[in-house]
Amino acid sequence: MPLPDDRNILKLGPPKYPGETEITPAMVESVRQRIKDAGGILTVWAVLNEDVYETQFGDGYYLHAHGLALNSADAERLAALGGGDKKLEKWHVRSYRLGLDNGLPVFTAVWHPEEEFRIGDFVVLLCEIPPGGTASKLLTGTRFRNDGPLLSLP
């Protein structure tokens, strides 16, 4: 079921770079339980940020995960919090299916070359969704989640 791609390998423990979020065993267990509760496959909708300047004048077209929702309507609402498409920024919403491999969360579909995120990013975002909630916060900044700013659905 999982794809042989290093972006699908979950890295636990302290982050590689300062400012990134540490992935703990409790976070992994929380996501594992969500996937099990969904019958083994959990569909989520990612709110992806495109740096239009990078696309037009940089080194290519890349999408970064800035938010996550458990349904498409809330993903669209979350993307709208980013202020819609701007001259140097665009928001995209795509669905992804998560499963388990050896008890760890994995993506179950083929990667697109423009997707600049890993399974660990989705673990962090899923753990940000509160009990009874349907969406993470949306990172509207350009760095790490710890740097913010973060916006929430009303």
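The values are calculated or read from the model by the stated rules, or taken from the named source; none is laboratory data. Since the model is a prediction, treat every value here as computed from it, not as a measurement. Backbone-built Cβ (ideal geometry, glycine too); neighbour counts: all protein chains shown. Protein only, heavy atoms only, side chains kept; ligands, DNA and RNA dropped before computing areas. Shrake-Rupley method; radii C 1.70, N 1.55, O 1.52, S 1.80 Å.
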Expected 222 nm ellipticity per residue - DSSP helices of 4 or more, -39500 (n - 2.57), all of the chain, to 500: -7500 deg cm²/dmol
Over 16 Å [Cα-Cα, region 91-148], rounded percent: 54
With Kirkwood radius over Cα pairs in Å as the read-out, I listed [x] 15.8; [y] 18.1; [z] 17.7; which label goes with the value calculated from this structure? [x]
Gain in length, F57 to H92, computed as 0.36 nm per residue apart minus the alpha-carbon separation, to one decimal in nm? 10.7 nm
What is the percent carbon and sulfur in the accessible area of region 58-145, measuring with a 1.4 Å probe over the protein chains and ignoring ligands? 51
Test of understanding: what is the full-extension gain from K36 to E76, defined as 0.36 nm times their sequence separation minus their Cα-Cα distance? 11.9 nm
Equivalent ellipsoid semi-axes for region 56-135, as square roots of 5 times the alpha carbon gyration tensor eigenvalues: give them largest first, rounded to whole Å. 23, 18, 10
Could you tally up the Lys pairs in the chain with alpha carbons closer than 25 Å? Skip any pair fewer than 8 positions apart unless they're on separate chains. 7
Quote the charge dipole size of region 34-109 about the Cα centre in Debye, to the nearest 20; the model charges only the Cβ of Lys and Arg (+1) and of Asp and Glu (-1). 240
Nonlocal amide H pairs with E89, under 5 Å, H built at 1.01 Å: V52
For helix 119-128, what angle does its Cα long axis make with the longest principal axis of the chain, in degrees from 0 to 90 and rounded to 10? 90
